[in-house]
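To keep things clear, I will list the structure first and then write my remarks on it.
Coordinate-derived values only; no laboratory data. It should be emphasised that the depicted structure is a prediction, and the values quoted were computed from it without experimental measurement. Cβ placement follows ideal geometry from the backbone for every residue including glycine, while neighbour counts extend to all protein chains displayed.
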Amino acid sequence: MKQKIKARKELLRIIKDLRAKGKRIVFTNGCFDLLHIGHIRYLEEARALGDFLIVGVNSDSSVRKLKGPQRPVLPEEERAEILSGLGCVDYITLFDEIDPLKLITSLHPHILVKGGDWTKEQTVGKEVVERSGGEVVIIPFVKGASTSNLIETILGRYEKRT
């Protein structure tokens with residue numbers, strides 16, 4: 001499944017071919033640290049919106065800038081490989097920037113997807129996608145499903161044992 005993980009240049013060539021064949025490209029991004037049911041449902045719904053789902057994964061340095069020095073729990077290579085095992089994910093690429101604007105600008109997906117903790121107006125890349133005739137889709141958040149909640153549950157359970 002590692003063959004789903006692509007460098008940006010290679011992914012651009014793949015997308016060019018897919019577009020030439022009339023395929024609809026869906027893009028989403030995130031840290032995907034400690035994959036949980038919310039991630040799975042979100043990615044499955046995102047994939048159903050088009051022909052190919054590309055997932056931009058924040059690099060370790062990017063996650064630390066966003067989430068703090070304790071994160072990510074899993075290194076970028078593992079997070080990408082775990083995602084590559086999902087049938088709904090077609091391609092994965094890592095990005096170092098704090099937000100995916102540069103990546104979205106280069107990929108020009110037909111559909112940009114974010115989770116329900118975002119609004120369309122807050123979605124980075126909205127203008128780029130809509131300007132080229134694409135759309136932004138917000139998928140409802142799965143209540144209680146978050147990596148932060150999962151970490152807190154684990155810590156709480158193990159703290160009680162000591």
Give the cross-link partners of residue 16 among the aspartates and glutamates, using a straight C-alpha distance below 17 Å as the criterion and excluding same-chain residues fewer than 8 apart. 51, 90
Looking only at lysines whose Cα falls under 16 Å of residue 114's and that sit 8 or more positions away or on another chain, we get 126, 143
How high is the relative contact order of the chain, in percent, with contacts defined as C-alpha pairs under 8 Å that are six or more residues apart? 26 percent
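Give me the percent of Cα-Cα pairs in the stretch 10-155 that sit more than 25 Å apart, rounded to a whole number. Please list the in-between numbers first.
Values: 2391 of 10585 pairs.
Value for the stretch 10-155 (Cα pairs over 25 Å): 23 percent.
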How far, in degrees from 0 to 90, does helix 147-161 lean away from the longest principal axis of the Cα atoms of the chain, to the nearest 10? 20 degrees
Using alpha carbons only, how many degrees (0 to 90, rounded to 10) separate the axis of helix 37-47 from the longest principal axis of the chain? 0 degrees
At R0 = 22 Å, how high is the FRET efficiency between residue 96 and residue 148 if r is their beta carbon distance? Nearest 0.05 is fine. 0.45
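Between residue 19 and residue 118, what is the FRET efficiency for a Förster distance of 25 Å, r being their Cβ-Cβ separation, to the nearest 0.05? It would help to have the intermediate numbers written out before the result.
Numbers: r = 26 Å, r/R0 = 1.03.
Working from the Cβ atoms, E equals 0.45.
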